[in-house]
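These notes are about the structure you will find just below.
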Amino acid sequence: MADESSHVSAGPPPQYRLDAVSITLTRHSGTPSFPVRRVSLSGAGSATLERDGQSLPFRYPPKDMLALLNELHRFRFFELPADYSVRYSVLLRDDGVVQNRALRVADASSTSFCFAAGDFKKCVTYGSQGPRELEELAQRLWSEAEGLARSRPPGK
């Protein structure tokens, strides 16, 4: 396979330091009385799981961050639309005119998946109809973060 040095114009810079990377995954319940859940990962190796009003630090190995970055590129995360929380449809009116409609449920739960490296930032927000691959990755990251936060606090 040839090394392609060009990159998608909407993507991250062609080169950046791993320790400058951060990935944040945030779940908004849609109900103000339920706290936000968040996983914050740093390419420098530190990470935090926020849930139930607690902040649990843990280590996230740089090799795992590199694998995560490769996975984001594999399913073209940087080319995804920024917002999947609006559902679009069309309807045919009685007069024969097609009308576009957009539906946003204000109190629906959503997930934001954000990547940052230096000045570049890309976030994708989605709900229950969001991209399957991104939700599967998010589920895996939640599970990994829970396990790592319980078993390996920072510095251990």
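What to note about this one:
- Filter result (in contact with a strand residue (DSSP E or B) (Cβ under 7 Å, 6 or more places away or on another chain) and over 16 Å from GLU146 (Cα atoms)) within segment 46-67: MET65
- Any hit, segment 82-91, residues being crowded, with 17+ Cβ neighbours inside 10 Å and either closer than 17 Å to SER22 by Cβ or at pLDDT 95 or above (or both): no
- Enumeration of residues in segment 75-94 that are hydrophobic (A, V, I, L, M, F, W, C) and touching a residue at least 12 places away in the same chain (Cβ under 8 Å): PHE75, PHE77, PHE78, LEU80, ALA82, VAL86
- Entry remark, segment 92-122: residues being at pLDDT below 90 and more than 30 Å from LEU72 (Cα to Cα) number 1 in total.
- Segment 74-121 - residue that is among the small types (Gly, Ala, Ser) and touching a helix residue (DSSP H, G or I) at 6+ places or on another chain (Cβ under 9 Å) and, of those, nearest to ARG27 (Cα to Cα): ALA116
- In segment 8-24 there is at least one residue that is at pLDDT 95 or above, under 19 Å from PRO131 (Cβ atoms) and either surrounded by 15 or more Cβ atoms within 10 Å (Cβ to Cβ) or of a type outside the set (D, E, K, R) (or both).
- Given (1) under 19 Å from the mean Cα position of the chain (by Cα); (2) free of Cβ contacts under 8 Å to residues at least 40 places away in the same chain; (3) in a loop (DSSP other than H, G, I, E, B), index of the condition ALA67 fails: (3)
The values are calculated or read from the model by the stated rules, or taken from the named source; none is laboratory data. Since this is a predicted model, take the numbers as computed values, not measurements. Cβ atoms come from the backbone with ideal geometry, glycine included; neighbour counts cover every protein chain shown.
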